[in-house]
Amino acid sequence: MIKVITTIEEMKKIIKDEKAQGKSIGFVPTMGYLHDGHISLVKRAKAENDVVVVSIFVNPTQFGVNEDYDVYPRDLEGDKARSEEGGAQYIFHPTVEEMYPYGYQTFVEVFGITDKLCGASRPGHFRGVTTVVNKLFQIVSPHKAYFGLKDAQQVAVIEKMVRDLNIEIEVVPCPIVRESDGLAMSSRNVNLSETDRQSALVLSKSLFKAKEAIEAGIQDAKAIYLIIEKNISEEVSVHIDYIKIVDFDTLEDVTVIEGRVLIALAAKVGKVRLIDNIIMEA
Ligand code: PAF
């Protein structure tokens, strides 16, 4: 039976005991409302470690004032069942007060790559992410931590933090999991109306068209950008936040598609902000 741990003290003790028995720890940090994308991370963690911990914590410090913290979907019972099915032994589910007690004043910030893409439209977002991930890393102290590449920038930021702060945890990036019609799985998809859910398909479709064009030999980043923009603009209820074609490592814009390139986008569909991307190796 999966165990739900709510205090930092108990979580740390469990990890200490498991490690004392020589067990390796795999960690899947999440904000809950788990979908198959999350479960693919849990299964991978299970395959590569003795013990799997899933954290479920909707982290207030990574949401801006006008963002969706209050309506972010939550379902602990469903998450327990799904995590257990995936092979996890523990869920770490602290309260906000447990993570950020009165007087809390310490933040961890990666500079540079956090100013771009989602960082440009969500100031402070990555500071909240790196702060909470750092805290979770201190508490769970895993050997390996698993992150989905739907948030490719988040993976890059966490990898940078781990390198810069000499954190001895292996970050394992895992592929995007999509619905059968191509929509990238996201906990936020549940907040889409039926018609917005249909409109949102244009995001993955436009990325797939870009992929086809690159595979057909187009290397000009501007031409690829225009293919994506034209496709998305045809859906009136989809409002582009950004479309970026960047070097995967530096997140700097590229003009020619060569090497490892990240094509990432963010858009508002109705009231829901969605992100998606593809990674091309040209
Ligand atoms: O990707 C997420 O769900 C969150 O940003 C994370 C990594 C769990 C930190 O709150």
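Every read-out reported here was derived from the displayed coordinates using simple, explicitly stated rules and does not represent laboratory data. It should be emphasised that the depicted structure is a prediction, and the values quoted were computed from it without experimental measurement. With ideal geometry, Cβ positions are generated from the backbone for all residues, glycine too; neighbour counts draw on all protein chains shown.
Between D241 and Q138, 0.36 nm times their residue separation minus their Cα-Cα distance comes to what? Write down the numbers at each step before the final one.
Numbers: separation 103, 0.36 × 103 = 37.08 nm, distance 3.39 nm.
Here the answer is 33.7 nm.
At 1.002 mPa s and 20 °C, plugging the Kirkwood radius over alpha-carbon pairs of the stretch 159-276 into Stokes-Einstein gives what diffusion coefficient in µm²/s?
So the translational diffusion coefficient is about 138 µm²/s.
So how tilted is helix 76-86 from the main axis of the chain? Cα-based, degrees 0 to 90, rounded to 10.
Taking Cα atoms only, the helix is inclined about 90 degrees.
Looking only at the chain, where both bridge partners belong to it, what percent of the DSSP beta bridges are antiparallel (to the nearest 5)? Before the final figure, lay out each step's value.
Numbers: 22 of 41 bridges.
Counting DSSP beta bridges with both partners in the chain, the antiparallel share is about 55 percent.
What is the packing order of peptides 161-170, 225-234, taking the mean over residues of other C-beta atoms within 10 Å and listing the highest first?
Averaged packing, sorted descending, gives the order 225-234, 161-170.
If you take every residue apart from I245 with its C-beta less than 13 Å away from the C-beta of I245, what net charge results, scoring Lys and Arg +1 and Asp and Glu -1?
Neighbourhood net charge equals -1.
Just to confirm a number: summing +1 for Lys and Arg and -1 for Asp and Glu over residues other than P94 whose beta-carbon lies under 11 angstrom from that of P94, what do you get?
-3
Angle, helix 36-48 long axis vs. longest principal axis of the chain, Cα atoms, 0 to 90°, nearest 10?
In the chain, helix 36-48 runs at an angle near 50 degrees to the longest axis.
Taking the Cα centre of the chain as origin, sum charge times position over the Cβ atoms of Lys and Arg (+1) and Asp and Glu (-1), and report the length of that vector in debye to the nearest 20. Write out the running numbers ahead of the final one.
Values: 33 positive and 42 negative charges, 67 e Å.
Magnitude of the dipole: close to 320 debye.
Two decimals is fine: what's Rg over Rh for the stretch 44-112, C-alpha atoms, Kirkwood radius as Rh? Please report the intermediate quantities before stating the final value.
On the way: Rg = 15.1 Å, Rh = 14.5 Å.
Looking at the stretch 44-112, the ratio lands at 1.04.
Name the lysines eligible as straight-distance cross-link partners of K13: C-alpha to C-alpha under 28 Å, and not fewer than 8 places from it in the same chain.
In chain and number order, the partners are K3, K23, K43, K46, K80, K135, K144.
Tell me the net charge near I5. Cut-off is 11 Å between Cβ atoms, I5 excluded, with +1 for each Lys or Arg and -1 for each Asp or Glu.
That sum, taken over residues with Cβ under 11 Å, equals 0.
Could you work out [θ]222 nm for the chain from helices alone, using -39500 (n - 2.57) per DSSP H run of at least four and dividing by all its residues? Round to the nearest 500 deg cm²/dmol.
Numbers: 10 runs with 109 residues, N = 282.
Only helices count here, giving -11500 deg cm²/dmol.
From a point 7 Å beyond the Cα of S193 in the direction of its Cβ, which residues of the stretch 256-282 have a backbone N at a distance under 13 Å?
It comes to 269-272, nothing else.
Would you list, by chain and number, the lysines whose Cα falls below 24 Å from the Cα of K244, excluding same-chain residues fewer than 8 positions away?
Filter leaves K116, K150, K160, K205, K209, K211, K222, K230, K268, K271.
With a ≥ b ≥ c taken as the square roots of the eigenvalues of the C-alpha gyration tensor of the stretch 48-203, please select rounded if a/c is under 1.5 and otherwise prolate if a/b is larger than b/c or oblate if it is not?
rounded
Pull out a ≥ b ≥ c, the square roots of the eigenvalues of the alpha-carbon gyration tensor of the chain, then state rounded if a/c is under 1.5, prolate if not and a/b is larger than b/c, and oblate in the remaining case. Walk me through the intermediate numbers first.
Values: a/c = 1.76, a/b = 1.63, b/c = 1.08.
Cα axes put the chain in the prolate bin.
Sort 172-185, 265-278 for me by packing, meaning the mean count of neighbouring Cβ atoms within 10 Å per residue, highest on top. Mind dumping the intermediate values first?
Numbers: 172-185: 16.1, 265-278: 20.4.
Most protected by this proxy first, the peptides run 265-278, 172-185.
Round to a whole angstrom and tell me the spacing of the C-alpha centers of the stretch 29-90 and the stretch 203-282.
Using only Cα atoms to place each centre, the spacing works out to 27 Å.
Provide the packing ranking of 142-153, 19-30, i.e. peptides ordered by the mean count of other C-beta atoms within 10 Å per residue, highest first.
Ranked from most to least packed, the peptides come out as 142-153, 19-30.
With r defined as the distance between the Cβ atoms of E234 and F111 and R0 fixed at 41 Å, what FRET efficiency is calculated, to the nearest 0.05?
It comes to 0.65.
Taking amide H atoms as placed 1.01 Å from N in the peptide plane, list the residues 5 or more away in sequence, or in a different chain, whose amide H sits under 5 Å from that of V4.
Sorted by chain and number, the residues that satisfy this are I91.
In a Gaussian network model over the chain where Cα atoms closer than 10 Å are linked, find which of A156, A216, A45 has the largest mean-square fluctuation.
With Cα springs under 10 Å in the chain, the top fluctuation among A156, A216, A45 is at A216.
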